[in-house]
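Remarks on the structure that follows.
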Amino acid sequence: MRSRKNKWDDDPYTRLAKQRGFPARSVFKLEEIQKKYAVIKKDDHVLDIGAAPGSWSMFVSRILNNRGNITGVDIMPIGNTIRFSSEFHFIQGNIFHADVFLSIIKYGPYNVILSDAAPFTTGNRLVDSTSSCELASRVIEIAGKCLKKGGNLVVKLLQGGDSGAVLMQMKSLFDHVKAYKPETSRKKSTEQYYIGRGYHETN
Ligand SMILES: C[S@@+](CC[C@H](N)C(=O)[O-])C[C@H]1O[C@@H](n2cnc3c(N)ncnc32)[C@H](O)[C@@H]1O
């Protein structure tokens, strides 16, 4: 029996991701970020927020190569066919909930925090960018509790709304901050990744 076609099945990056064993094309965005900014090192402890279906965590586990470890968190489950070559903990739940926050802290502190978390979009640009800013601010708040000094943060944000304020918040906490839209991000998408390197306390 033929399976139903997804609207992205003809996308070359979706096909390439599947060929390489990754569940989602988003892996190529993290690959670009890693090539350009080298945010992850071999023995890091990494927190992956918005980890499902699991491509970013799989990519990180290949970098860690049996050293370091990864904690993934998502409302949705990670695909049960995904295999990690390094220690992996998964927390299923919403990062705004206190019990999830405590579990995140329990596995920390982290050298790197990645967030590809995206709100469930409505199609209304202002509503979606506002939800995205709230998510990003929560990620930064979590980073403030469990990112090691000198650590790195990558956080996705849909542009609009308060995205400028989120960028300013990042600039007050990291030595180097860049806004980056990967080549493999869909052209129509308003997403950008804010990359903060060298975490320090607020000035
Ligand atoms: C674009 S997907 C992430 C893809 C993932 N990086 C990968 O490569 O497989 C965004 C994820 O963010 C998650 N998410 C959105 N809001 C969240 C929240 N408040 N807490 C935890 N996860 C959330 C969604 O459930 C979704 O799985």
Quiz item: Among Gly164, Ala38, Gly123, whose Cα lies farthest out toward the positive end of the dipole of segment 12-199, if unit charges sit on the beta carbon of Lys, Arg (+1) and Asp, Glu (-1)?
Solution: Ala38
Exercise. Step through the table entries Lys35/Lys149; Lys149/Lys187; Lys145/Lys188; Lys106/Lys178; Lys29/Lys187; Lys18/Lys148, compare each Cα-Cα distance with 24 Å, and write down the pairs that go over it.
Key: Lys149/Lys187; Lys145/Lys188; Lys106/Lys178; Lys18/Lys148
Quiz prompt | Anchor Lys181: aspartates and glutamates whose Cα lies under 16 Å away (excluding residues fewer than 8 positions away in-chain) | solution = Glu31, Glu32, Asp116, Glu191
Practice problem: Skip the ligands, DNA and RNA, and give the accessible area per residue of the chain with a 1.4 Å probe, whole Å². | Solution: 53
Quiz item: Between exposed chymotrypsin sites (Phe, Trp or Tyr not before Pro) in the chain, where DSSP calls loop and at most 16 other Cβ atoms lie within 10 Å, what's the longest gap?
Solution: 9-95
Quiz item: Normalised by the residues of the chain, what does the relative contact order come to in percent, with Cα pairs under 8 Å and at least six apart?
Solution: 17
Practice problem: Please report, as a whole percent, how much of the solvent-accessible surface of the chain comes from carbon and sulfur atoms (probe radius 1.4 Å). | Solution: 51
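The values are calculated or read from the model by the stated rules, or taken from the named source; none is laboratory data. In this text the structure is predicted, and so the values were computed from the model without any measurement. Glycine gets a Cβ as well: all are built from the backbone with ideal geometry, and neighbour counts include every protein chain shown. For the accessible areas, the whole protein counts, side chains as well, though only heavy atoms, and no ligand, DNA or RNA atoms are used. Shrake-Rupley method; radii C 1.70, N 1.55, O 1.52, S 1.80 Å.
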